[in-house]
Amino acid sequence: MKTTFHLPPLIDAEASLRDRLEEAARVRGKSATSLLDDLDAFVERSMRNLALVDRKPPLDGYARAFEATLAQSVNASGKSARVLLRSFFFPYWQIFHLRLYPRYAPMTLPEKCRTAYLPESDVGALAAANKDDPLKHFRPDRRPPPAKFENRVWYDGTGSGLHFDEEPAGFFPVDYGTMMDAVARTACDVPDAVEMLEHLSPHWARANVLLIDREKRSARIDKCSFHRFAARVNTRPRAEHISGMVCFDPDYKAYQRSLREAYLESVEGAWDGYEGAAFDANDLKDRVLDEGLRKLEKYPTYDGLLNLLTSHGKPGHLCKHGDPVQPGEPVPREYTLARMFWLIDQKECHRWQWDTEKNLPTCQAPRETYPCEMFAT
């Protein structure tokens with residue numbers, strides 16, 4: 001049976017909007033007027049896109065519920081839809097279909113990317129990441145990576161998220177990149193950065209985050225939902241990692257699964273279909289990475305971490321070559337398009353990229369070496 005979506009009426013909340021606008025302006029480093037202009041442009045685009053939504057589950061339920069709620073709120077308030085949307089700013093995941101999926105293909109959120117950290121190795125402290133995405137539109141980056149980071153906390157992120165989510169009160173979205181850059185510059189250390197990000201928790205989601213500081217403290221943050229925040233803070237050196245689309249905290253993981261099951265119900269799907277299999281594959285890859293790092297902690301080496309991130313043994317391989325999760329998986333599929341190693345103590349960055357001209361996988365491509373200083377002096 002399909003899920004019926006009941007959305008709360010929009011209310012006129014101009015005062016609340018102003019408060020949230022000021023907070024977002026501080027975090028994003030832009031004026032409130034500029035943010036309000038952006039918000040107006042977003043509202044106009046959302047209203048135009050509503051007519052373009054391809055009426056297929058679960059968007060059919062969201063779009064119909066959204067239209068009904070909007071009409072009800074307009075009639076009750078006597079205000080225009082544009083004014084109501086602007087003042088309340090309808091929660092992101094209740095209009096995600098307007099912003100992100102106006103041409104709705106099979107809605108899949110495959111696991112992407114992973115980042116790992118070893119505080120000690122034969123080359124000193126070491127961070128590494130696989131960046132995964134479809135191959136079709138990829139072009140190798142010919143620019144060198146940043147040579148110097150002007151911050152006391154270094155971060156990397158992987159995609160995360162839910163097909164739909166519950167929302168906290170007082171929601172106002174903060175641009176993830178701007179927020180993370182601001183926190184990395186202003187936080188004194190990893191615990192301080194975690195505290196700042198938890199304070200901002202209702203305003204961001206869809207990204208798991210790994211934090212590192214000069215004193216080899218680290219933290220893993222799971223953030224698939226605006227509604228919840230979970231962090232593991234390591235005040236002593238230890239290996240740490242993040243993976244896309246997974247949660248390590250047991251309660252958060254159960255919450256994530258419950259909303260995934262609600263999504264599958266809404267599209268009359270089942271956990272043994274492609275998307276359920278993809279969710280399970282996410283967890284398996286994260287376990288492979290976690291177990292591999294635990295073993296590496298005994299004899300941590302550059303080559304050991306490289307071998308882990310280029311592993312091809314199935315199931316649970318971490319280097320992707322477009323292999324389907326199961327027969328019938330829709331395209332585009334996932335490839336490991338870039339691999340990064342940051343040799344923190346040696347102030348170097350190593351990069352490998354899929355050679356699209358020779359169709360040479362990242363694990364076979366030549367290594368690029370660049371200078372890189374991870375922390376401000």
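Readers should treat all values here as calculations from the given coordinates under stated rules, not as data from a laboratory. None of the values given here were measured: they were computed from a predicted structure. No Cβ is skipped: glycine too gets one built from the backbone with ideal geometry, and neighbour counts run over all protein chains shown.
Strictly over 28 Å apart at the Cα level, which of Lys253/Lys314; Lys136/Lys285; Lys216/Lys298; Lys223/Lys298 would you flag in this model? Display every interim value, and only then the final one.
Values: Lys253/Lys314 24 Å; Lys136/Lys285 23 Å; Lys216/Lys298 17 Å; Lys223/Lys298 30 Å.
The answer is Lys223/Lys298.
Do any trypsin sites (Lys or Arg not before Pro) in the stretch 258-316 lie in a loop, going by DSSP, with at most 14 other beta-carbon atoms within 10 Å of their beta carbon, and if so which?
Counting only loop positions with at most 14 other Cβ atoms within 10 Å, the trypsin sites (Lys or Arg not before Pro) in the stretch 258-316 are Lys298.
Mean shadow of the stretch 190-240, computed from the convex hull of its alpha carbons, in nm²? If you can, show how the numbers build up before the last one.
Numbers: hull surface 12.5 nm².
Averaging across all directions leaves 3.1 nm² for the Cα convex hull.
Hand me the GluC sites (Glu not before Pro) from the stretch 340-377 located in a DSSP loop with no more than 14 other Cβ atoms within 10 Å, in residue order please. Mind showing how you got there, number by number?
Working: sites: Glu348, Glu357, Glu368, Glu373; in loops: Glu357.
Of the GluC sites (Glu not before Pro), the ones in loops of the stretch 340-377 whose Cβ has at most 14 other Cβ atoms within 10 Å are Glu357.
On full extension of the chain, what length is gained from Arg232 through Asp290, given 0.36 nm per residue of separation minus the C-alpha to C-alpha distance?
On the way: separation 58, 0.36 × 58 = 20.88 nm, distance 1.39 nm.
In short, 19.5 nm is gained.
What ranking of Lys314, Lys79 emerges when the number of other C-beta atoms within 10 Å of each C-beta is taken as an exposure proxy, fewest first? Please report the intermediate quantities before stating the final value.
Numbers: Lys314 8, Lys79 14.
Ascending number of Cβ neighbours within 10 Å: Lys314, Lys79.
Can you tell me which lysines have their Cα less than 29 Å from the Cα of Lys79? Leave out same-chain residues fewer than eight positions away.
Straight-line reach from Lys79, under 29 Å: Lys30.
Work through the residues other than Gly328 whose Cβ is under 15 Å from its Cβ and net out their charges, Lys, Arg +1 and Asp, Glu -1. Can you show the working numbers first?
Values: positive: Arg333; negative: Asp272, Glu275, Asp323, Glu329.
That works out to -3.
What is the order of Arg232, Arg86, Arg339, fewest Cβ neighbours within 10 Å to most? If you can, show how the numbers build up before the last one.
Values: Arg232 14, Arg86 20, Arg339 23.
Going from least to most buried by this count: Arg232, Arg86, Arg339.
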